[in-house]
Structures are given as C-alpha cells and as structure tokens.
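Values quoted throughout were computed directly from the atomic coordinates according to the rules given, and no laboratory measurement underlies them. Bear in mind that the values here come from a model prediction, so they are computed numbers and not experimental data. Neighbour counts are summed over all protein chains in view; Cβ atoms, including those assigned to glycine, are modelled from backbone coordinates with ideal geometry.
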Amino acid sequence: MDLGGFPILSAIVFTPLIGALLIAFVPRERDDLVRWLALGTALFTLALSLLLAASFSAAQPGFQYVETADWIPSFGIQYKLGLDGLSLLLVVLTTTLTAISLLASFGPIKTRVKEYMIAFLVLEVGLIGVFLALDLFLFYIFWEIVLVPMYLIIGIWGGANRIYATLKFVLYTLVGSLLMLVAILATAFAYQAATGSWTGAFDFEQLRGFGFDPTLQFLAFGAFFLAFAIKVPMFPFHTWLPDAHVEAPTAGSVILAAIMLKLGAYGFIRFSLPLYPDAAQQWAPAIVVLSLIAIVYGAIVALVQPDLKKLVAYSSVSHMGFVTLGIFIFQPQGMQGAILQMINHGLITGALFLCVGVIYERTHDRTIDKMGGLAAPTPVYAVIFGFFMLASLGLPGLSGFVGEFLVFLGTFAYSPIAAGVAVTVMVLSAAYMMFMYQRIVFGELSDFLKGLGHHLTDMTRVELLTLTPLVALTLIFGLAPGILLDLIELPVAEVLAQFGVPPAVGTAP
C-alpha cells in the first residue's frame, strides 16, 4: 500500500497531542465528552498505526517512511523519524494498549478526568516518539517527555503511598537519563572531532558503525546501560517498580508494565549495541549474569508476595530478565526471542493488571489471603484470568511460550549452564502463578468476599471489551508467531552483523 508521501510517522506521534489540546478546551464538567474524545483520539491513532503496518514491507532492509527536517542545524540536530520491523511492533503495541487503557479508565477514574486523559495522551506521544526517533537528541527529548505524565498519573490518581512511589520512580529514572544525555553529547562531540563537521553528529544512521574510541565506547555504553537498565528494570535497579505498580491506577500499571519497561530493552537493541559494539561485548558477560539473577530473583520473590499487583510486578522483573538475556548472548534466536518476549509480555502482563483491576474495583483490596472461591460468583472472570495466568507461565500454544523458547534455544548455544538456570525458573513461574490462582479462584468463598454481597459481580461489558482483543492476540501470536518473526528477522540480522554473527536460517539477505 503506497501512502503517497503522507508523513504518517509524524501523524501517529502527534495525533494524541492534538487530542490532548482539544480536550483542554472542553468544559471541566463534561467528563463524558472528555472520555469519549480521548478514546476516539486513541482509536484514530491505532487506526493510523494499523494502516502503517498494512503498508510496511518486511523484506526491505533499513528504515522506511523516514521523515527528516533540520531542527538545530548548527549542531547537526534533526527532527528525524524512521521505522523498521522492531519499531513497528512496539508502536502498534503502544497504540493498542493505550486505547484499551483509556477504555478501562472510564469507570475507575472519577476525579479530574480531564487532566487524566490529557496526561495519558501526552504519555502516548512520548512513547511512540521514543520508538520512532532516529536522532539521538530527539530520542532523548521523547524519553524525558514520558516521565512527566507518568509522574502525574501515579502521583495524582494513585494509591495511599503514591507520592513516595512516584518520587522514587522519577529519581531513579532521572539519574540514568542525565548520564545518558552526557553520553549522547560525548558521542556527538567525538564524531564532530573526527569528521570536522557537526552534520550528522546526532544522526543514528551516521553514527552506527562509526568506530568510536574504545574508552569512549566503554564509558558511553555504561551510561546508556544505566538509563536502560533502570527502565527495564534489571536487577538491582528494579526496586522502584513494585512500589510504582502498587500505587498506580490500573491503566497506569498496564502502560508501565506493557510499554514503559520495553523502552529500556528497545534502547539496548536500537542504540547501545549498534553504536558501541566493542563495549557491548565487554559488558555482555556481566549483563548476562544480572539477567539470570533477575530471572531467578523475580520468580522467588513473586512466590511469596501477599499482594496481587506486587506478584505481577515481580513476575515482570523475571520475564524482562529473559529479554536482556536474549539480547546480550548475541544469538539470532536469542534476540528474536527477546523481541517476541517484549511484545508478548506487554500483551499478557497488561491483561493481568487489567484482571487485577477488575477485582480491585469490587473489593478495593488486592490481598491474596482475603480472596478465595471467585469461580462461583465470577465464572467469566475466573476463566479469563486463568487464560492469562497460563499464558504468563509459558503454556505452549499461547504467546508467552514462543519468546521464552527462542531465548532458551539461543542461550543453550551460548552456555548450557546459563540455559539450565533459565529453564529451572519455568518451574518457579508455574508455582507462583498457579499457587496464586488456586488461592483466589478455587475453594469456598472467603468471608471477606461474602461480606461484599451483591457488589461481587462478574465482569461488565466494558471490562470484557478491554480484555477480548488481548485474548485474541495472545492466541494468534501463540499459534502463528511467524507473523512477528517475519517483521524482526532483518532488524535482528542488521544488529548482529556488527558482531560477526550470521543471520538465522531463512533470513532474507
């Protein structure tokens, strides 16, 4: 499909901003209009991203639909957007889950609805911009934009300890971000010193494979690593995540887990490895060890969590450990598995947080020990929650299995011992997810739930509508993972080519 030169990437990035500006002029008392205008904006952005996906060519190497304009020409800074298969998947994931999250917010968010919807749409601008930016300075701007609306979403509409959680989130992220800015500037100055010109000093396509000084590479990679590791989050930089998840509103937890954690993993693949390949190989053994620790640690801690949200949050630490492991073993199957894990974790964990939100709206409690016997009064909820529980622990046939299997495959070629450690965690995953599900769904109805009386109802139509697309995608990508693999084969091959790794069998030249 030919888009005829239409700047679709800019349209996808800034449509949510236009929607946010329109909402700003809506009278404060018109909450219903605000909700529908925000959802309509998100759905239109989703439609644009699907149009982009329909016109994208997976067989074409490099970036497509590149849009370039001079921004600060004296320093070579450009407004430059571009798209490959990796970016496409994450953009569509972002637009899909933003629309679902806004729909899921219709009931729970009753105060300051206008400000909430504006914050959510501005958050979408930053997230999409990160995945499309091909200028390092522009990437940094979008990276920082994400921080402000999420700070507001947790800090205003969060739980009792929301101020502590949101300040911790911001301080962690800012430390990494500022060091990354220093690394970006150092990289640009090194390029300018080597070429005698600022032209292209922040352009990712110009900087990729440039061959920077080994010391610069090592230090710059370290700065990028800290920023991305905090966002993933990798062990031991993960401590902000459980607090942020517990205090965030349901939709905030969905976006935080499903999209924001992917910013760090995306940054590793898009920027850290191509810009600093020598340093990446130096840092890789330490990152592999930290990834294995995160996989095991997250699973063990999840096993003993008393709070539903904290259990899902620590499961994210474990699952994202598979992502960073797959990236830094420098194997085609491992990196493909890491990217699949990013997408599938977004779908499944986003759905799990929606499921937690469903029961929280009825009980205003997330304590596992207070639950029990939900199967009888809420059978539809029990089935859907069980579906995503099985997907999360990696049941074959559902999308959670494919990414982890490919990571295992690549890790085994890298180190059978590392693969053995990672595989054993599958048992722990089954333990904490099934133990949690058994306690809240089966058995006699708990005294706490009995006390709710007629308030304990099954899922509403809106709640079903938010989860049905995620059920469908989890099935489709579990049964036909080739849909995703076809899109990422070339980007993975291009990244690993700098490390002398041949492409996976079947990858187009």
> So what does the Cα-only Debye profile of segment 42-165 read at q = 0.10, 0.23 Å⁻¹, as log10 I(q)/I(0), no solvent term?
Replying inline: -0.39, -1.31
> Among all stretches of the chain without exposed trypsin sites (Lys or Arg not before Pro) (DSSP loop, at most 11 other Cβ atoms within 10 Å), which one is longest?
Replying inline: 111-509
>> Can you give the FRET efficiency to the nearest 0.05 for Asp458 and Val148, using r as the Cβ-Cβ distance and R₀ = 35 Å?
In response: 0.40
>> As I understand it, the value is the acute angle between the Cα axis of helix 308-328 and the longest principal axis of the Cα atoms of the chain; what does it come to in degrees, rounded to 10?
In response: 20
>> Normalised by the empirical 2.2 N^0.38 Å for globular proteins, what value does the Cα Rg of the chain take?
In response: 0.94
> With θ set to phi - 60° and the Karplus curve 6.51 cos²θ - 1.76 cosθ + 1.60, what are the ³J(HN,Hα) couplings of segment 417-430 in order, to the nearest whole Hz, using x for Gly and Pro?
Replying inline: 5, 4, 5, x, 4, 5, 5, 4, 5, 4, 5, 5, 4, 4
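Counting other C-beta atoms within 10 Å, which of Met335, Met117 has the fewest, and how do the rest follow? Don't skip to the answer; put the middle values down first.
On the way: Met335 30, Met117 27.
Starting with the residue having the fewest Cβ neighbours, the order is Met117, Met335.
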>> Along the charge dipole of the chain, pointing to its positive end and built from +1/-1 on Cβ of Lys, Arg, Asp and Glu, which listed residue (Leu470, Leu374, Phe202) has its Cα farthest out?
In response: Leu374
> Where does each of Thr45, Thr367 land when they are ranked from fewest to most other beta-carbon atoms within 10 angstrom?
Replying inline: Thr367, Thr45
> Per Stokes-Einstein, at 4 °C and 1.567 mPa s, what whole-number D in µm² s⁻¹ belongs to segment 446-506, with the Kirkwood radius over Cα pairs as the hydrodynamic radius?
Replying inline: 81
>> Starting from the 7 Å offset along Cα-to-Cβ, what nm value, one decimal, do you get for the label separation of Leu395 and Phe218?
In response: 4.9
> Which angle from 0 to 90°, rounded to the nearest 10, does the C-alpha axis of helix 31-55 make with the longest principal axis of the chain?
Replying inline: 50
> Once segment 276-509 is represented by equal point scatterers at the alpha-carbon sites, with solvent omitted, what log10 I(q)/I(0) does the Debye formula produce at q = 0.12 Å⁻¹?
Replying inline: -0.68
> Helix 399-414 sits at what angle to the longest principal axis of the chain, using alpha carbons and giving 0 to 90 degrees rounded to 10?
Replying inline: 40
> Quick one: if the Förster radius is 22 Å, what FRET efficiency do Gln60 and Phe499 give, using the C-beta to C-beta distance and rounding to 0.05?
Replying inline: 0.45
> With θ set to phi - 60° and the Karplus curve 6.51 cos²θ - 1.76 cosθ + 1.60, what are the ³J(HN,Hα) couplings of segment 331-347 in order, to the nearest whole Hz, using x for Gly and Pro?
Replying inline: 10, x, 5, x, 6, 4, x, 4, 5, 4, 5, 4, 5, 5, 4, x, 5
> Say the cut-off is 30 Å between C-alpha atoms; which of Lys231/Lys370; Lys110/Lys310; Lys262/Lys450; Lys168/Lys450; Lys310/Lys450 go over it?
Replying inline: Lys231/Lys370; Lys262/Lys450; Lys168/Lys450
> Of the chain, which part is the longest with no GluC sites (Glu not before Pro) in a loop (DSSP not H, G, I, E, B) and with at most 11 other C-beta atoms within 10 angstrom?
Replying inline: 30-443
>> I need Thr460, Thr41 ordered by Cβ neighbour count within 10 Å, fewest first.
In response: Thr460, Thr41
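Find the Cα radius of gyration of segment 1-52, compare it with 2.2 N^0.38 Å by division, and give the number to two decimals.
Computed over Cα atoms of segment 1-52, the ratio equals 1.32.
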>> Could you give each residue of segment 134-145 its phi-based ³J(HN,Hα) in whole Hz, using Karplus coefficients 6.51, -1.76, 1.60 with θ = phi - 60°, and x for Gly or Pro?
In response: 10, 10, 4, 5, 4, 4, 5, 4, 5, 4, 6, 4
>> Can you give the longest run of the chain that contains no chymotrypsin sites (Phe, Trp or Tyr not before Pro) sitting in a DSSP loop with at most 16 other Cβ atoms inside 10 Å?
In response: 211-441
